[in-house]
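Trainee: Sharing a structure with you now.
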Amino acid sequence: MERFVVRPAAPLAGNVEIQGAKNSALKLMAAALLTTGTTRLQAVPDITDVQFMCEVLTAIGAEVGREDDGELVIVTPEVLTPIAPYELVEKMRASFVVLGPLLARHGSARVSLPGGDDFGHRPIDMHLRALTELGATFTTEHGYVEGHCERLVGKEIELEFPSHTATDNVLMAAVTARGSTVIENAAREPEVQDLAEMLTEMGAKISGAGTSRIEIEGVDELHPVSHRTIPDRIEAATFLAAVGLAGGTVTLDGARAEHMDMLLEKLVAMGMEIERIEGGIRASSSDRLRAVDVATLPYPGVATDYKPLLVTMLTVASGVAIASENVFTGRFGYIDELRRMGADITIEGHHAIVRGIDRLSGAPVRARDIRAGAALVLAGLVADGYTEVSGVEHIDRGYEHFVRKLGSLGVDIRCVQGGPRERY
């Protein structure tokens, strides 16, 4: 098994290019199923989750490949095989969003119940209820959801929670439904807006993306387009956290501050200097961080994906803070790993009480999901001795060139046992 070995870092310096957003790219890839022909996507990160989605689309009947310049090309035929098998979907929960496009395009779909990171129970009932309101019928057996419909029919749908993936699934199903669809309590994330923008370029009629009310007027057909993925705000947050922990000044090329307003406010409150510059963000930190309370909420609140990074920063901040998880149950699995490194953290329900200490202590730790894995690597920046992070296959799911990028900023990090891979 490969692992990342990290040593304490001197203040960081340099520029880092922010990759395309994983949580957008996967849905854009699924949207290519809504039309025949060649869809071209730029700035799709070369990460394991994208590879998984490529395999799902290939199983459905599309041809997927990369050009020399990194552009992802998806060729969708007239006839699809509307089956997303277990051995692919169980690897990544986001692949469940092929359900909406397959129903809209083919009138049937057989999709395995999803897997992905273990954050606790995340039911798909919301997806199925919403798609049922549009006219689909479902059966669930032998580990698969099987759906059928004639042409879907628009309706007003109110989601019980502003789920990102449920909003995406309904949005893609509704763009070719007959009549008008309204999604109330829709997710407002920038990635939802990115999907809506691509669908509009394809010929869809959508208004309100980025608000809690999205209106869709169904069209008869869509056409393939070329589209550029927005920058990944979670990767940007990861490098911001690295600067906060290790100190120094780093420019995040391509990062969009307007997608991260609440996070940036928290980082400034912790003592970091954040400058919004043309084409990116410049971040600096020179003093010990200050403790601030953090609570995750749906966008535009603090994203649940930010929390492992923020909790890691709080472990060495001055003072005591409470970090509350209000989105996913079970997303404290990395806390025990931070405790192995000496962190003073107490869990009470969905709250983590973090008492800052001067330094962590290097130790062998294991990544159990994408963002927790990245956070444990960053913990090594402020830990005496060596920190060895195993389970790096989780980090590979969400970060392109992670070791190389950190190394370019001055981080002492290497990938050991099993040999370096090309993208490192």
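Trainee: Just from its helices, what would the mean residue ellipticity at 222 nm be for the chain, if runs of 4 or more DSSP H residues each count -39500 (n - 2.57) and the sum is divided by every residue, rounded to the nearest 500 deg cm²/dmol? If you can, show how the numbers build up before the last one.
Mentor: Numbers: 14 runs with 126 residues, N = 424.
When only DSSP H runs of four or more count, the value is -8500 deg cm²/dmol.
Trainee: Continuing with this model, one more query. Would the range 22-228 count as rounded, prolate or oblate if I go by the C-alpha gyration tensor, calling it rounded below 1.5 in a/c and otherwise prolate when a/b exceeds b/c, oblate otherwise? Provide the component values of the computation, followed by the final result.
Mentor: On the way: a/c = 1.31, a/b = 1.13, b/c = 1.16.
Note, shape of the range 22-228 comes out rounded.
Trainee: Below 8 Å between Cα atoms, with a sequence gap of 6+, how large is the relative contact order for the chain in percent? Walk me through the intermediate numbers first.
Mentor: Values: 1044 pairs, mean separation 86.2, N = 424.
So the answer I get is 20 percent.
Trainee: Here's another thing I want to ask about it. Within the chain, how many Lys pairs that are eight or more residues apart, or on different chains, come under 17 Å at the alpha-carbon?
Mentor: The result is 5.
Trainee: Cα convex hull of the chain: mean projected area in nm², to one decimal?
Mentor: That works out to 18.5 nm², a quarter of the Cα hull's surface.
Trainee: Same structure, new question: Going by the alpha-carbon gyration tensor, a ≥ b ≥ c the square roots of its eigenvalues, is the range 45-136 rounded (a/c under 1.5) or, if a/c is not under 1.5, prolate (a/b greater than b/c) versus oblate?
Mentor: Values: a/c = 2.24, a/b = 1.26, b/c = 1.77.
It is oblate, given that a/c is not under 1.5 and a/b is not larger than b/c.
Trainee: Further question on the same structure: Using a simple spin-label model with points 7 Å from Cα along the Cα→Cβ vector, what separation in nm is obtained for D287 and S226?
Mentor: Using points 7 Å along Cα→Cβ, the separation is 5.0 nm.
Trainee: Among A13, A236, L103, which residue has its Cα furthest toward the positive end of the charge dipole of the chain, with +1 on Lys/Arg Cβ and -1 on Asp/Glu Cβ?
Mentor: A13
Trainee: Let me ask you something else. Could you tell me which of rounded, prolate or oblate describes the range 316-376, using a ≥ b ≥ c as the square roots of the eigenvalues of the alpha-carbon gyration tensor, with rounded for a/c under 1.5 and, failing that, prolate when a/b is larger than b/c and oblate otherwise?
Mentor: Oblate shape, in that a/c is at least 1.5 and b/c is the bigger or equal ratio.
Trainee: Moving to a separate point now. If you fit an axis through the alpha-carbon atoms of helix 164-174 and take the longest principal axis of the Cα set of the chain, what angle between them do you get, 0 to 90°, nearest 10?
Mentor: It works out to around 20 degrees.
Trainee: Please arrange S285, S361 by how many other C-beta atoms lie within 10 Å of their C-beta, fewest to most.
Mentor: S361, S285
Trainee: Could you state the per residue volume, in Å³, of the convex hull enclosing the Cα atoms of the range 271-366?
Mentor: Expressed per residue, the convex hull around the Cα atoms of the range 271-366 is 118 Å³.
Trainee: Shifting gears a bit: With springs only between Cα atoms under 10 Å, which of E201, E67, E388 fluctuates most in a Gaussian network model of the chain?
Mentor: E67
Trainee: Another question, then. With charges only on Cβ, +1 for K and R and -1 for D and E, what is the dipole size of the range 9-106 about its Cα centre, in debye, rounded to 20?
Mentor: 400 debye
Trainee: Quote the relative contact order of the range 159-312 in percent (integer), defining contacts as alpha-carbon pairs under 8 Å separated by 6+ residues.
Mentor: The value is 19 percent.
Trainee: Given Cβ point charges of +1 (Lys, Arg) and -1 (Asp, Glu) and nothing else, what value in debye, to the nearest 20, does the dipole of the chain about its Cα centre take?
Mentor: Once rounded to the nearest 20, the dipole reads 840 debye.
Trainee: I want the antiparallel fraction of DSSP beta bridges within the range 22-228, as a percent rounded to 5.
Mentor: So the antiparallel bridges amount to about 75 percent of the total.
Trainee: Ok, one more. Can you tally the net charge around G203? Count Lys and Arg as +1, Asp and Glu as -1, for every other residue whose Cβ sits under 13 Å from the Cβ of G203.
Mentor: -4
Coordinate-derived values only; no laboratory data. Since this is a predicted model, take the numbers as computed values, not measurements. A quick note on method: Cβ atoms are made from the backbone with ideal geometry, for glycine too, and the neighbour counts reach across all protein chains shown.
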